[in-house]
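Scroll down for the structure; my scribbles are underneath it.
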Amino acid sequence: MRVYIPTTLAGLADAHKAGELGPAPLDAVAVTPSLREWYVSDDIEELEYAALTRAAQASLRLLAADPGTPRRRVVVAVDVADAAVGFDPDRGLDPAFLGRVRLSSPVRLADAAAVHADAADAEPDVAAAADAVGAADAGDDDAQFTVDGAEDHELLWFATQEIPHLIG
């Protein structure tokens, strides 16, 4: 199963140094039955893009909690065994938890399929979105507009061999 693990550039640097994303349990996003139902598509590429987008939103929340890290969303895509993935179907229907899964063990960074990250020119919009995400969650429409502005930036695809350059 392909999972999308939200992180930050600082988190990616830590994972690169340790050789793994962890410690377990790890929160991630995947194409779950509830995500399929919500997105209403059978196209796996569209569904995986929806999961990637939800992981990018989770990365934004990590940035909001860590003001010292560079303001770029980062998501690591990894293929893991289905048995390593926990999914709560009762919680899966909650819009805040669509696609959310939990990994029972750390993930070797060498097993990552790719890294998705914002380009440097997205930093001002991502920084504003990270500052506004709490107010957006509380229902502030102006703050939600700011958060949505970060989603105007597509995450770039990086091969795992490019991680040293990305975090450099």
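Nothing in this text is a laboratory measurement; each read-out follows from the coordinates by a stated rule. Here the structure is a predicted model, which is why all the values come from computation and not from measurement. Methodologically, a virtual Cβ is constructed for each residue, glycine included, from the backbone with ideal geometry; neighbour enumeration extends over all protein chains shown.
Rounded to the nearest 20 debye, the dipole size of the chain about its Cα centre is 740 debye, using +1 on the Cβ of Lys and Arg and -1 on the Cβ of Asp and Glu. Think of it as helices only: each DSSP H run of n ≥ 4 in the chain is worth -39500 (n - 2.57), and spread over all residues that comes to -12500 deg cm²/dmol at 222 nm. When His165, His153 are arranged by Cβ crowding within 10 Å, least crowded first, meaning fewest neighbours, the order is His165, His153. Seen from all directions on average, the range 12-70 presents a Cα convex hull projection of 5.3 nm².
Distances between every pair of Cα atoms in the chain, grouped in 5 Å steps from 0 to the bin holding the largest one, split as 2, 9, 18, 21, 21, 17, 9, 3, 0 percent.
Kirkwood radius and radius of gyration were both taken over the C-alpha atoms of the range 30-124, and their ratio Rg/Rh is 0.97.
For Val78, neighbours were defined as the other residues whose beta-carbon sits under 14 Å from its Cβ, and their charges (Lys and Arg +1, Asp and Glu -1) total -3.
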